[in-house]
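Here's the structure, in structure tokens; my notes come after.
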Amino acid sequence: MMTPEIKTILLAMTPVNELRGTIPFAITMLDLPVLKTFCLAVLGNMIPVFFLLWFWKYLSTKLMKASKRINYFFQWIFKRTYNRFYKKHKVYGDIALILLVAIPLPFTGAWTGTVAAFLFNISYHRALSLISLGVVIAGIIVTLSTMGVVAMIN
């Protein structure tokens, strides 16, 4: 059986959930302490980023050739991310990537941030630092929001 800590890390690694769903779940359902939850969720959310920043180019070129469905998916995600991020990146530069990751809304977050970094040719280390900052900010926002809701319920 997995410990609550491992569940928290693994859940935060998932692309749709990331830390936005993990923090409320870990605090309310797994009964983990707030600071521990925050740290584990940020860690879990960042683990895929290290690999995704390296592998988007490989994954997109190799897998797009392998299957029409995969090609369609990559074309959709790349076009969607490019269209949502282009104007913001042009105006705000690096801050746009931080905000894309930090704002806890659907289809934003670290995974989307890696796609944007790939599409806009942001260097690995620069993208990693910007996405990390965005993840920490998102973690703070979600943790404070969760604590507010929990306090209101209690």
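I'd like the full set of residues that are more than 15 Å from TRP111 (Cα to Cα) and loosely packed, with under 13 Cβ neighbours inside 10 Å, limited to region 60-78.
THR61, LYS62, LYS65, ALA66, SER67, LYS68, ARG69, TYR72, GLN75 - these are the residues of region 60-78 that are more than 15 Å from TRP111 (Cα to Cα) and loosely packed, with under 13 Cβ neighbours inside 10 Å.
In this structure, does TYR92 turn out to be among the hydroxyl-bearing types (Ser, Thr, Tyr), over 11 Å from the mean Cα position of the chain (by Cα) and open to solvent by less than 70 Å² (accessible area, probe 1.4 Å)?
Details: among the hydroxyl-bearing types (Ser, Thr, Tyr): yes; over 11 Å from the mean Cα position of the chain (by Cα): yes; open to solvent by less than 70 Å² (accessible area, probe 1.4 Å): no.
No; evaluated as a whole, the condition is false for this residue.
Just the residues that are assigned to a helix (DSSP H, G or I), modelled with pLDDT under 95 and crowded, with 16+ Cβ neighbours inside 10 Å, please, taken from region 118-154.
PHE118, LEU119, listed by residue number.
Quick test of your reading of the structure: ALA12 fulfils all but one of (1) touching a residue at least 40 places away in the same chain (Cβ under 8 Å); (2) closer than 22 Å to GLY148 by Cα. Name the failing condition by number.
Unmet condition: (1).
Could you run through region 95-110 and say how many residues are open to solvent by 40 Å² or more (accessible area, probe 1.4 Å) and either touching a Leu at 6+ places or on another chain (Cβ under 7 Å) or charged (D, E, K, R) (or both)?
Here the count works out to 0.
So which residues in region 1-15 are open to solvent by 40 Å² or more (accessible area, probe 1.4 Å) and in a helix (DSSP H, G or I)?
Scanning region 1-15 gives PRO4, GLU5, ILE6, LYS7, LEU10, LEU11, MET13.
Give me the pairs: first residue in region 136-148 and over 15 Å from LEU43 (Cβ atoms) and of a type in the set (Ser, Thr, Tyr), second residue modelled with pLDDT of 95 or more and open to solvent by 70 Å² or more (accessible area, probe 1.4 Å), beta-carbon distance under 8 Å, and six or more apart or on different chains, which are they?
THR146/THR28
Could you list, in sequence order, the residues of region 16-33 that are in a loop (DSSP other than H, G, I, E, B), under 17 Å from MET46 (Cβ atoms) and open to solvent by less than 70 Å² (accessible area, probe 1.4 Å)? Lay out the reasoning, then the answer.
Initially, region 16-33 is screened for residues in a loop (DSSP other than H, G, I, E, B), giving 16-17, 29-33.
Remaining after also requiring under 17 Å from MET46 (Cβ atoms): 16-17.
Selection gives ASN17 alone.
Considering only residues that are of a type outside the set (A, V, I, L, M, F, W, C) and either at pLDDT 90 or above or under 18 Å from LEU52 (Cβ atoms) (or both), which ones fall in region 93-117? Full working, then the answer.
Here is the first cut: in region 93-117, the residues of a type outside the set (A, V, I, L, M, F, W, C) are 93-94, 104, 106, 108-109, 112-114.
The answer is ASP94, THR108, GLY109, THR112, GLY113, THR114.
Just the residues that are free of Cβ contacts under 8 Å to residues at least 40 places away in the same chain, among the β-branched types (Val, Ile, Thr) and within 16 Å of ARG20 (Cβ to Cβ), please, taken from region 99-135.
VAL101, ILE103, THR108, THR112
The values are calculated or read from the model by the stated rules, or taken from the named source; none is laboratory data. Keep in mind that what you see is a predicted model, and the values were worked out from it rather than measured. Ideal geometry is used to build each Cβ from the backbone, glycine not excepted, and the neighbour counts take in all protein chains shown. Accessible surface areas use protein heavy atoms only, side chains included; no ligands, DNA or RNA. Shrake-Rupley method; radii C 1.70, N 1.55, O 1.52, S 1.80 Å.
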